[in-house]
Structure formats: structure tokens, C-alpha cells
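Enquirer: Sharing a structure here in C-alpha cells format.
The values are calculated or read from the model by the stated rules, or taken from the named source; none is laboratory data. From a predicted model like this one, the values you see are computed outputs, not experimental measurements. Cβ placement follows ideal geometry from the backbone for every residue including glycine, while neighbour counts extend to all protein chains displayed. The area values use the complete protein model at the heavy-atom level, side chains included, leaving out ligands, DNA and RNA. Shrake-Rupley method; radii C 1.70, N 1.55, O 1.52, S 1.80 Å.
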Amino acid sequence: MKKSNSKTNLKKRWKLGVSEWNTENFHIDKDGDFVVSENNHRYNLHDLIKKYGSPLEVVFPTIIRKRVRSLIELFNAYITIAGYKGKFSYHYPMKVNQNKEFVLPIVGAGANLEVGSYNELWLIKRLWESEKVNPKLRVLCNGPKAEQYIGLIAEMRKKGLDVIPIVEDEGELEQLSSYKWDIGIRVDLDVKADTRWDKKNDRFGLLESRILDLPKTKNFKILHYHIGSQINSGKSILTTAARAFKIYAELSRKHPHLDTIDMGGGLGIPYEKKKFYTAKPVIRQIIKLFKKLAEKEKVKEPNIIVEWGRYVAAPAQVTLYKVIAEKPIPHASAKAWYVIDGSFMNDLLDTWAIHQKWHVVPVNNAGATLTPVWLAGSSCDSDDKYTAGNYVLAPKIKANDHQFLAFLDSGAYQDALASHHCLLSSPAKILAEDGQITIARKRETPDMVGKLFGWNNN
Ligand SMILES: *Cc1c(COP(=O)(O)O)cnc(C)c1O
């Protein structure tokens, strides 16, 4: 084992330090501890867990900012290189992670926003009124629009916020018919994309035939589509974009104000640290494609919006657990259950909901002998487990030693879906930034959890 304990080999073993996998800031130190670098600062996750306890979520705002900036820079760079005439803007879809600790650095790094509900817009209203954000922030509004939501959109527009409702169905078309500011319309593209979310019968957006039939609409500015999340190939992103462009070209001949394609979300994350496409070539090809198609269709090169949320948010958070029990498994692909002090069903709900795969790395003992295990959550539910489809390799636990495990890329979607099965407490959440640690969310006490279920003091 000695030889494989060198830092380089351990980095390789745990697939760290690889930018295509978003692990470029992650390393193993000489003691076998998981260390995160942020410019010249270093955070030892083993030390953090000893100090702040487990389960623990660690958020890295610097990683969030870097991802937003590099996205915007890449689009702008390829726009310049190609001499493309449309403008790019990035809109962060708030539903991916609504924690203030995510949204503020994202906006600060130059993102606009996309919201999907009245409550999300309400929070943005409060943020905007606090005058702590650029007054020019643009907000796109998706999601079903009950009266209250439409009312808030109109209210904010009158107050001067650049808020644009995206029409998703016939009813909304009707409701917004007297709305005089810019609107977007979502199209349900007739194309199959490589993602588990692209359903045969989508309930979002107008059918292609219907949108092409709309009468001339003076304030129709944005053609929007969103084909699904975690698209598994770059090619699929481009085929979908090409289909959308055709519709855009046809529509732009009828609707004089239309000048923007909003491509929605979907850029994927290499959760499994296997070969996966990266943002850069996809962005380059999008610009090339739109340039070529605009020329062919003889239309203006459209402004481009993307709402890639998972891509920005996922790698900026890791979730840490302690192994609190070990139980042998007699006949299986794994040798033992490792029971963790948190819950997959509660804290990483997609594990259960969509069989999400995670990259698991030891927080300590990264150089130890490994053993195949299945991981079990602390709820009393037999579905509260993670097997990675086969097994997870984790350090063999020595007597009287503690073992901690890190789940990478937990920054997207898990928080708002989190629950309290068996009334377990949610993980505490800390921020690591500029070499300092701040507590964002304290560990829930039984009293705090009880209150969520009406147990108020007596
Ligand atoms: C969920 C959603 C997104 C974000 O998708 P990602 O896969 O996280 O990039 C963007 N736009 C809309 C309309 C969405 O519903």
C-alpha cells in the first residue's frame, strides 16, 4: 500500500484535481485528509467536521462565482471570435438552489435571474427593494401563473424591475393579452433530447404548430424552451438548439420585437467522474450554429440566454457524513453496510427519487485499504441507502477510528427537496470563503424540528 499513498496517486485514486470533473480545487493531503483549495487558502474538511460536527454541508462561494464568471466569459469570447451580433445573458434559475448564500454570489458575479413561482419572485422583490443589487437586474418568470403571481409581476414591472413573464399555456396567453411590456413564450419543441426529463407529452409551453399560428404580437421578445435537466450529450443540446432556431426564424418574420432565444437549462454535471462533455466546446458550437442558421434563414442573429443552473450550483457544495455503524453483508456485491449519521432520503433526496449517482470520497484515511460497501441512511426506511448501482469503495475502518465520507456536487436541487423523515435534523451548513468559516445554518435541535410539525413548547 505504501506506494499508492503518494499524494499524486491518491488524487488519481479519488479522481481529484481534474477540471473536467469539477474537482480541480480538491486534493488529498499527506495525512490522507480531503483538502479544498481556494486560491491560496486551504480548508481541511476533516478539521472542519471535527470542529462543526456532522452531518455537514460545506458551501464554497468562490467556486460559485468562478463558475458564473467563466460561463459568461466563454460566451462573450466566442461571440467576439465569431463576430456574432447578438448579446449573451446568463439567467440563474433560482429553483436549483434558493439559499441566499448561493443566490447573492451568483448575482454578484453578473447573473440575471429566472424564477418559477410567486414566492421566489417575492424574495427577489425584497432583494431588489433593499437596493443591494444592480437595479438593471433582469428577471424571467416561468411556472404556472396564478393571479397573485401575475399581479406581482405587473407590480414589479411598474416599479421599474425588468421582469419578463414567460407564457407557458393558452390561459396565460389570455391573461397576459393586455400586458403591455415585454413577454416571452415557451415552445414545447418536437424533438427528443438525451435526458430523463424530456417526456413524450410535455405539459410546458405551446406546441410548435400553435406558436407558429399566433397572430402578430407586438411585445413578444423572447422565444423560450427548456427541454430538461442533466442533458447527457453536447450533441443533444445542439440538435435541440437547431430545432428552436428554425421556429425562431419563422416567428421573427411575423413578430417584429422578437430578438432573443432563451435556451433554458440542461447543461450536465459529470457526477460519476467518467468521460463527459464540457461547457467550452458546447458554447463554441452554439455560437457557430446560430451564426450559420441566421445566415441561412436571413434573420438577425438573436440574443442568447441560457438558464444553466445545475452546472453552476452543483460543484459548489459538498455534504459530509460520519460512519456510525458497520454491519456485514453476507452475500452481495458489497462486504458491509456503512450506516451514516444523516439520510439520503432527507438530505440528498435525488438518491431515492431518481437514483442519482454521487462521487464519494473519504474525508480522512484516503490512503487506507479500501472495501466495497453499501451506505445506509439513519432513517428507519429500507429505501434510505446508496449503493451506486453496485458498491461504493470506502476505507476499511480500524478499531477506535472514525470514518467520514464526502459526497461531491451536492449544491443543486437537494436543499429545497430536503425533508425530515423520522424527524432527523438537516445537516448544518457552513460557508468557506476567504479562508474564513461562517455558519449559515445551525444544526437543528429536536425543538426546531418539532416546531415544523406543530410541537410548539407545550
Ligand atoms: C429547472 C429549470 C432550469 C434549470 O435547469 P438545469 O438543468 O438546472 O440547468 C432552467 N430553466 C427552467 C425553465 C427550468 O424549469
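Enquirer: Give the residues of segment 169-190 that are open to solvent by 10 Å² or more (accessible area, probe 1.4 Å) and either touching a His at 6+ places or on another chain (Cβ under 9 Å) or assigned to a helix (DSSP H, G or I) (or both), sorted by residue number.
Expert: Listed by number, the residues that qualify are Glu170, Gly171, Leu173, Glu174, Gln175, Asp182, Arg186.
Enquirer: Can you tell me how many residues in segment 205-220 are surrounded by 13 or more Cβ atoms within 10 Å (Cβ to Cβ) and out of contact with any Phe, Trp or Tyr (no Cβ under 9 Å at 6 or more places or on another chain)?
Expert: So the answer is 8.
Enquirer: Condition test on Gln356, is it within 27 Å of the chain's Cα centre (by Cα), surrounded by fewer than 22 Cβ atoms within 10 Å (Cβ to Cβ) and more than 15 Å from the ligand (Cβ to nearest atom)?
Expert: no
Enquirer: Identify, from the list Gly268, Gly228, the residue that is within 26 Å of Asp415 (Cα to Cα) and at pLDDT below 95.
Expert: So the residue among Gly268, Gly228 that is within 26 Å of Asp415 (Cα to Cα) and at pLDDT below 95 is Gly228.
Enquirer: Kindly indicate whether any position in segment 393-401 is in a loop (DSSP other than H, G, I, E, B) and on the phi > 0 side of the Ramachandran plot.
Expert: The answer is yes, given that some residue of segment 393-401 is in a loop (DSSP other than H, G, I, E, B) and on the phi > 0 side of the Ramachandran plot.
Enquirer: Which condition number does Glu114 fail, the rest of (1) at positive phi; (2) crowded, with 23+ Cβ neighbours inside 10 Å being met?
Expert: Among (1) at positive phi; (2) crowded, with 23+ Cβ neighbours inside 10 Å, Glu114 violates only (1).
Enquirer: Out of all the residues in segment 248-272, which are open to solvent by 10 Å² or more (accessible area, probe 1.4 Å) and outside any loop (DSSP other than H, G, I, E, B)?
Expert: Hits for segment 248-272 are Glu250, Ser252, Arg253, Lys254.
Enquirer: Let me ask something else. Return the total of residues in segment 404-427 being surrounded by fewer than 20 Cβ atoms within 10 Å (Cβ to Cβ) and either within 16 Å of the ligand (Cβ to nearest atom) or not in a loop (DSSP other than H, G, I, E, B) (or both).
Expert: Summing the residues that are surrounded by fewer than 20 Cβ atoms within 10 Å (Cβ to Cβ) and either within 16 Å of the ligand (Cβ to nearest atom) or not in a loop (DSSP other than H, G, I, E, B) (or both) in segment 404-427 gives 5.
Enquirer: In segment 165-209, which residues are in contact with a helix residue (DSSP H, G or I) (Cβ under 9 Å, 6 or more places away or on another chain), away from the ligand (no atom under 14 Å from the Cβ) and farther than 21 Å from Cys141 by Cα?
Expert: Once the filter is applied, which keeps residues that are in contact with a helix residue (DSSP H, G or I) (Cβ under 9 Å, 6 or more places away or on another chain), away from the ligand (no atom under 14 Å from the Cβ) and farther than 21 Å from Cys141 by Cα, segment 165-209 yields Asp190, Val191, Lys192.
Enquirer: Whether any residue in segment 124-145 is in a loop (DSSP other than H, G, I, E, B), among the charged types (D, E, K, R), closer than 30 Å to Ile354 by Cα and open to solvent by 30 Å² or more (accessible area, probe 1.4 Å) is what I want to check.
Expert: no
Enquirer: Then there's this: Among residues belonging to segment 221-235 that are within 19 Å of the chain's Cα centre (by Cα) and more than 12 Å from the ligand (Cβ to nearest atom), point out the one that is surrounded by the most Cβ atoms within 10 Å (Cβ to Cβ).
Expert: Residue satisfying both the conditions and the ranking: Gly234.
Enquirer: Something else now. From the list Ala241, Ala193, pick out the single residue that is within 23 Å of the chain's Cα centre (by Cα), surrounded by 15 or more Cβ atoms within 10 Å (Cβ to Cβ), in a loop (DSSP other than H, G, I, E, B) and not hydroxyl-bearing (Ser, Thr, Tyr).
Expert: One residue alone meets the criteria, Ala193.
Enquirer: Looking at segment 23-63 only, could you name the residues that are in a loop (DSSP other than H, G, I, E, B) and buried (at least 23 other Cβ atoms within 10 Å of the Cβ)?
Expert: Ser54, Pro55 - these are the residues of segment 23-63 that are in a loop (DSSP other than H, G, I, E, B) and buried (at least 23 other Cβ atoms within 10 Å of the Cβ).
Enquirer: Also, I was wondering about something else. Name the residues in segment 332-360 that are more than 17 Å from Ser382 (Cβ to Cβ) and out of contact with any helix residue (DSSP H, G or I) (no Cβ under 9 Å at 6 or more places or on another chain), would you?
Expert: Hits for segment 332-360 are Ser333, Lys335, Asp341, Ile354, Val360.
Enquirer: If you don't mind, there's one more thing I want to ask. Among (1) in contact with a Leu (Cβ under 9 Å, 6 or more places away or on another chain); (2) under 22 Å from Pro165 (Cα atoms); (3) within 12 Å of the ligand (Cβ to nearest atom), there is one condition Leu214 misses while meeting the rest; what is its number?
Expert: (3)
Enquirer: Would you mind finding the one in Ile164, Ile150, Ile183 that is within 20 Å of Lys218 (Cα to Cα), modelled with pLDDT of 95 or more and out of contact with any strand residue (DSSP E or B) (no Cβ under 6 Å at 6 or more places or on another chain)?
Expert: It is Ile150.
Enquirer: Going through segment 2-21 one residue at a time, which ones are at pLDDT 95 or above, out of contact with any Asp or Glu (no Cβ under 7 Å at 6 or more places or on another chain) and part of a loop (DSSP other than H, G, I, E, B)?
Expert: Within segment 2-21, Trp14, Lys15, Leu16 qualify.
Enquirer: Out of the residues in segment 304-339 that are among the basic types (Lys, Arg) and more than 14 Å from the ligand (Cβ to nearest atom), which is surrounded by the fewest Cβ atoms within 10 Å (Cβ to Cβ)?
Expert: If we take residues in segment 304-339 being among the basic types (Lys, Arg) and more than 14 Å from the ligand (Cβ to nearest atom), then Lys327 is surrounded by the fewest Cβ atoms within 10 Å (Cβ to Cβ).
Enquirer: Here is a follow-up. Test Leu121 against the criterion of being at pLDDT 95 or above, out of contact with any Gly (no Cβ under 7 Å at 6 or more places or on another chain) and more than 25 Å from Met263 (Cβ to Cβ), and give yes or no.
Expert: Judged against the criteria, Leu121 is not a match.
Enquirer: Outside any strand (DSSP E or B) and buried (at least 22 other Cβ atoms within 10 Å of the Cβ): does that describe Asn364?
Expert: yes
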